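Just so it is clear, none of the values below were taken in a lab; they were calculated from the coordinates. Keep in mind that this is a model prediction, so the values were computed, not measured. Glycine gets a Cβ as well: all are built from the backbone with ideal geometry, and neighbour counts include every protein chain shown.
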Ligand SMILES: Nc1ncnc2c1ncn2[C@@H]1O[C@H](COP(=O)(O)OP(=O)(O)OP(=O)(O)O)[C@@H](O)[C@H]1O
Ligand SMILES: [Mg+2]
C-alpha cells in the first residue's frame, strides 16, 4: 500500500512530494498566568523519522504539540516546518502545509460513522467555495473528489478498518477509536504527524497493533512522526530520537539508549538516580533488535 504513488499522480494541487518534512522548535517559551509551561524549548524532528517527546505528567508535552499545531501562541521562539517558519500561521493553514495530529483525549465526532469521521480529515485539501468552482471548473473538482475517496479507501485498507467503516464511532472499542483518529489524520496526507499518547489506555495487543501501524506510516509513507507517549517500551522500540521534557524544559535529547542512561532522566522519572523500571530492562532488549515491536 503506497499513498505516495497515488499522490504523485494527482492534479496540480496534490502533486508536490508527500515525503516527510523536518520540524523544528526553537527557543519556545509559553506561560499560562503563573505557570511557566515551556522554557526555552528547542529540538528538531528529522524528516521521515520517528521522534518521541517524553516526560512526567505536566512536563509540557501536550503544550509543545499545541504550540506546533498553532492552538497556543508562544511568548517567544519559533516553529519551522521544512524551510518555512510557521509560528504565526493559523491552525487550518498549518494543516494545508502538511501538519496533522491526533489528540490525547479521543476527539471524534460522535454520532458520525467511521468513514464520515475520516472524510472530515481530508476536507482541508479540497478547493471548496464559489471562487474555486469558477477557477477550476466542475471536472477538476470531480477529479479531486475522486482522488480524495481514493486516499480515504487506502487509509481504511492500510489501518484494517474496512469492516467497521459504516459503524458509528461510539460503538467501537477504545483501541479502534484511537485507530480511527489516526485514520482521520492520515486522510489529511500529512508530511508531519503529531501523535499525542496514541496507545494510552490500550491493552498489550492493541498497543502492539498501533506501534506496528505507526512504524508502517513512517517506513512506507515516509511521514515524519512526532510521538508523545508514556509507554516507554513502545517509545524505545520505535523511535530513532527521544527528547525528554521536565517542568517545561528539555533535560535530555538523543537516541533511546542515550536518554535511558541519562541520570537526569532517571531522576525525573523516579525522583532518584536508581534505575527507572519503565526505562530499563525489557525496553533495552527490544532496542538491541532494532525496531523490534516487543512492547515492555
Ligand atoms: N490551557 C492551559 N491553561 C492553563 N494551564 C495549562 C494549559 N495547558 C497546559 N497547562 C499547564 O501547563 C503545564 C504542562 O501541561 P501539559 O498538558 O503540556 O503537560 P503534559 O506533559 O502533556 O502532561 P500529561 O503527561 O499529563 O499529558 C501543566 O502545568 C498544565 O497544567
Ligand atoms: Mg499531555
* To do: Grab the Cα-Cα distance for residue 116 and residue 255, subtract it from 0.36 nm times how many residues apart they are, and report the gain in nm with one decimal.
  => 46.1 nm
* Structure fact -> The distance between the Cα centres of segment 20-34 and segment 187-220, in whole Å, is 23
* Which value in nm describes the separation of the simple spin-label points at residue 216 and residue 106, placed 7 Å from the Cα toward the beta carbon? -> 2.0
* Obtain the nm distance between the two label points defined at residue 153 and residue 171 by a simple spin-label model: each point lies 7 Å from its Cα along the Cα-to-C-beta direction. => 2.5
* Taking a label point 7 Å from the Cα of residue 145 along the Cα→Cβ vector, which residues of segment 186-200 have an amide N closer than 15 Å to it? -> none
* At what distance in nm do the modelled label points of residue 205 and residue 93 sit from each other, each positioned 7 Å from its Cα along Cα→Cβ? -> 4.7
